[in-house]
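What follows is a short report on a single structure.
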C-alpha cells in the first residue's frame, strides 16, 4: 500500500509522468489488491518497467517542472515525423490525402489560409491540430476558435436555457476536436486560463488578438462585412485559418456569403492563400464521398426553391395538424435531400424490400431529432404538371404529410392527400 502513497498521490504522479490512467482494484473473494493501468501500450510498458525498478520504494520522484499551459500536452511527435500532434489516445495525427498535406503546408507558410470543402475533409480538425502544435512550440500564446451563430430553421429564443446553453450546441463541434486531441481535463484546464477560447463570431467585435492562432469555422454563414470584421481582429504575430463549405450556406440570402466572395476580394494579396478540398479528401464513412458527389452533380442540373419557401411550407403544414405527431415534428430539424431514380430505388429496396420508383420518401428520427425528406428530381421532372420548382415544393409538403400520419395506400386516401398538399402549396404560393 505504501507504493500508492498518501491519498494515492503516487498514482497521480504516475499518471502525469506516463500519460496513463492508474487505479486500484480489489478482488472481492481473496481481498488481494492490484494496480490497473490503462492507456497506449508503449506508455503502459514504460510505466510497468518504472514500477519494477522502484519495487519496495515508498515514493515516486515528483516531476518539478513548471506547469506552463503549453506544456500540458507535450507529446513525442519526434517518433512520428509526419504527425502534426499525438492525440490524447496516443495516436499520431497525420494528413491522409495529398490535398490535406498541401493544406497543412499552406498553414505553415502563410499568415492567412482560407479553406473550403465538403463535410468530413478535415478542414477544422487539421486546423485545430496545427494550432495546438504552434501552441506547444510557443509560436503562439493562445488559440481562439469562433463560428457564426446562424439559425437553421429554429429561433434561438425558442431554445431552452440561458445564453450559454443556447449557444453551446452551435459551438459543440469545436469542443469535440479538442476532446479528441487533449482529453476533457487538459482542454478544460487550458480553457480556464483562456489559453484556448471558443466564442461566437459576434463576440469578436472590438478585439485585437496578438500572438494567437485564430480559426473561423462555418465561414460560409458569414456575410462579407462579418468576414471583414473577423480578419481585422488580427494582431502582431497571429495566424488565421478560415474554413467553410459553400454547399451548406444557411443564410437566408445565399448570395451574401462572404466565403464565396472572399477569393475575388482577397486573392492576390501576399500572405493569403486559398485551399480547396473535395470529396476525395473525405475521411469519414466511405458513403459520405458518394453522397457528396451525388449532391454536387444534382445541384448543377435543376433549380430548387428558395429556402424560405421550404420553411413556409413546413410552418403551414405543421400548424394545420395540431396533433401529437405535429407537436413532435415541430421540434425536429428538417433535412431535404435531392436524388435520382437510382438512389430512390436503392432506398426503397433497403427499407421496404422492393426497388420500385418513388418521387418522395420521408423518415423521422428521434436521435438526433431530425426529419429527412428524400426528393427524386428525375421522377419529379417526368411527372410535373407545372414548373419543376413548384413540383419539388409539392413533394416536400407530401413528405411532411407522411410524417404527420397521412397514408396514400389506397386510391381514396391518395386522392385526399394530393388535394390537401395542393391546398397547402397554393396557400404558400398565394402569400408571395
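The values are calculated or read from the model by the stated rules, or taken from the named source; none is laboratory data. Note that this is a predicted model, so its numbers are computed, not measured. Here Cβ is always computed from backbone atoms with ideal geometry, including for glycine, and neighbour counts include all displayed protein chains.
Worth pointing out:
- Against the criterion of being at pLDDT below 60, part of a helix (DSSP H, G or I) and either surrounded by 15 or more Cβ atoms within 10 Å (Cβ to Cβ) or more than 17 Å from the chain's Cα centre (by Cα) (or both), residue 103 does not qualify.
- Every residue from the range 112-125 that is crowded, with 24+ Cβ neighbours inside 10 Å and out of contact with any strand residue (DSSP E or B) (no Cβ under 8 Å at 6 or more places or on another chain): 121, 122
- The lone exception for residue 130 - which of (1) crowded, with 17+ Cβ neighbours inside 10 Å; (2) at pLDDT below 90; (3) more than 21 Å from residue 246 (Cα to Cα); (4) in contact with a helix residue (DSSP H, G or I) (Cβ under 7 Å, 6 or more places away or on another chain) it fails: (2)
- Some residue of the range 338-350 being modelled with pLDDT of 75 or more and under 24 Å from the mean Cα position of the chain (by Cα): yes
- Within the range 217-254, the set of residues being modelled with pLDDT of 90 or more, over 18 Å from the mean Cα position of the chain (by Cα) and under 27 Å from residue 335 (Cβ atoms) comprises 226, 227.
- Residue count for the range 265-290, restricted to those that are out of contact with any helix residue (DSSP H, G or I) (no Cβ under 9 Å at 6 or more places or on another chain) and modelled with pLDDT under 80: 4
- Qualifying residues in the range 189-216 (those that are surrounded by fewer than 14 Cβ atoms within 10 Å (Cβ to Cβ) and assigned to a helix (DSSP H, G or I)) - the one farthest from the chain's Cα centre (by Cα): 192
- Residue within the range 167-178 that is assigned to a loop (DSSP other than H, G, I, E, B) and modelled with pLDDT under 75 present: no
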